[in-house]
Amino acid sequence: MPLYPRTGNCGLASHLHSRLVTVHGLDFGIPAEMTVFVILAGLVCNDESWSLGMSKHLFLTAFSGKPMTSIFYRASVPVFIRTLNSLGAFFEKGVAHAETANFDVSVLLNARLYSDMHPFHRQIKIATDTATGVVARLAGQEPPVLDHEEVTVEAIKTRISAAIAYLETIDAEQLDGAEERTIQVTRRDQTVTWLGINYFFDYGLPNVFFHVTTAYAILRHNGVPVGKRDFLGV
């Protein structure tokens with residue numbers, strides 16, 4: 001039985017899971033991208049909890065017998081570094097677009113997708129704080145203070161660079177056992193306790209992607225000529 005049995009009733013999800021286990025089983029390892037099909041299957045079934053749980057299950061079972069340290073590291077630090085590099089690159093395109101279109105770049109820095117959402121510069125702050133904070137806690141360190149909170153082009157560039165520089169100081173050995181580490185996060189007088197692997201997959205990874213995606217969407221909404229390749233960094 002899977003560690004995270006599905007709670008809904010979807011033949012597509014069952015079929016895909018069966019194919020992953022029988023065709024791409026432990027003898028060959030399950031490619032990371034194959035979990036996308038499981039996530040999509042869960043969403044098609046309106047069963048997000050099952051799809052997320054099964055993704056974590058596949059992540060763990062696919063690499064059983066292999067060093068967890070290197071796999072957990074590969075799923076976190078390099079992914080965040082690449083994502084923040086992409087963020088920096090499409091931010092540069094936003095700055096260039098403002099210059100070409102002859103409007104004040106502060107319009108982009110303060111732009112929002114909707115009036116009750118954070119502006120662009122805040123999306124970048126949260127993305128960089130989350131990426132570095134999550135990795136720091138998983139490595140047993142205090143989250144770094146990135147500073148550079150001024151709403152200027154140079155401050156934003158420096159903040160992104162500082163976040164990447166910090167992530168580059170973390171090696172695989174520092175995340176040894178991180179998936180089983182107890183993580184406590186206190187915000188607004190409320191403390192939440194996580195198991196390391198849940199903290200990363202349920203909070204850290206989707207949170208970073210949410211804010212980077214929103215920053216991308218703000219630029220696109222304001223006419224900046226960026227596309228999927230810019231987001232992916234390819």
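What to note about this one:
- Residue 203 buried (at least 17 other Cβ atoms within 10 Å of the Cβ) and modelled with pLDDT of 90 or more: no
- Given (1) modelled with pLDDT under 95; (2) surrounded by 15 or more Cβ atoms within 10 Å (Cβ to Cβ); (3) in contact with a Leu (Cβ under 8 Å, 6 or more places away or on another chain), index of the condition residue 185 fails: (3)
- Selection count, the stretch 154-194, where residues are out of contact with any strand residue (DSSP E or B) (no Cβ under 9 Å at 6 or more places or on another chain) and either in a loop (DSSP other than H, G, I, E, B) or at positive phi (or both): 8
- Close pairs (8 angstrom Cβ cut-off, 6 or more residues apart or separate chains): surrounded by fewer than 22 Cβ atoms within 10 Å (Cβ to Cβ) and assigned to a loop (DSSP other than H, G, I, E, B) in the stretch 114-137, charged (D, E, K, R) and at pLDDT 95 or above anywhere: 118/112; 119/112
- Against the test of being over 21 Å from the mean Cα position of the chain (by Cα) and either at pLDDT 95 or above or among the aliphatic types (A, V, I, L, M) (or both), the options 75, 101, 89 yield a single qualifying residue, 101.
The values are calculated or read from the model by the stated rules, or taken from the named source; none is laboratory data. Because the structure is a prediction, the values reported are computed rather than measured. Cβ: placed from backbone, ideal geometry, glycine included. Neighbour counts: every protein chain shown.
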